[in-house]
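In what follows, a single structure is set out as structure tokens and then discussed.
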Amino acid sequence: MIKEISQQAETRMKKSVEALQTELAKLRTGRAHTSLLEHIKVEYYGSLMPLNQVANVAVLDARTLSVQPWEKNMVTVVEKAILESDLGLNPATSGMLIRIPLPALTEERRRELTKVLRNEGEKAKVAIRNIRRDSNNELKELLKEKAVTEDDERKSQEAIQKLTDKFIAEVETVLAQKEADLMTL
């Protein structure tokens, strides 16, 4: 029972780190890549759909993305969704093709992105700590039910704390790598 709680905590903590990495992939570091637009949702016949399911997203060159909606009536909807996203991009439409030039990252923009980066990192750390709290609560419930001894419960809490420390250190490493990536010209 204790082993299951520990394994479950470790699995959930790994998923938190993976979610952080996915989130950080959206932050641009100067080069155009299609994953920048993955999180953008577009209203498509009354439901929200990911952009890549209503349009073809491609890289034209190192600083330009292109989005080509599959339906003509979706061009303005897609353009509006890109404008309203948190990426600060200004799409230019010509017929059915939407070009998205990526401005060069200024020092000020790099600092803003660093703040966003740290905020995402803090969210991941909070998620990991919440997993620790949930696991410890499960252990306390087992202790109340007399399913485990106090010593076993204490050892398990220490093991879960070590897991928490390990994954928070992993989050710090991921953040440091992305920040170094952001700050290099």
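The numbers here are math on the coordinates, done by the rules we state, and not lab data. Since we're looking at a predicted model, the values are computed, not measured. With ideal geometry, Cβ positions are generated from the backbone for all residues, glycine too; neighbour counts draw on all protein chains shown.
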Once label points are set 7 Å from the Cα along Cα→Cβ at both Lys115 and Asn56, what is their separation, rounded to one decimal in nm? 3.9
Rg over Rh, two decimals, the stretch 87-161 (C-alpha only, Kirkwood Rh): 1.42
Nearest-20 debye value, the chain charge dipole, Cβ charges on Lys, Arg, Asp, Glu: 260
Hydrodynamic radius by Kirkwood for the stretch 34-101, inverse mean 1/r across distinct Cα pairs, in Å, is 11.7
Quick one: which of Lys80/Lys178; Lys15/Lys146; Lys14/Lys144; Lys123/Lys146; Lys41/Lys115; Lys14/Lys146 span more than 26 angstrom between C-alpha atoms? Lys80/Lys178; Lys15/Lys146; Lys14/Lys144; Lys123/Lys146; Lys14/Lys146
Chain lengthening between Arg154 and Lys3 when straightened (0.36 nm per residue, less Cα-Cα): 53.0 nm
How big is D, in µm² s⁻¹, for the chain by Stokes-Einstein at 37 °C and 0.692 mPa s if Rh is the Kirkwood radius over C-alpha pairs? 172
Pairing the Cα long axis of helix 2-25 with the longest principal axis of the chain, what angle in degrees results, from 0 to 90 and rounded to the nearest 10? 20
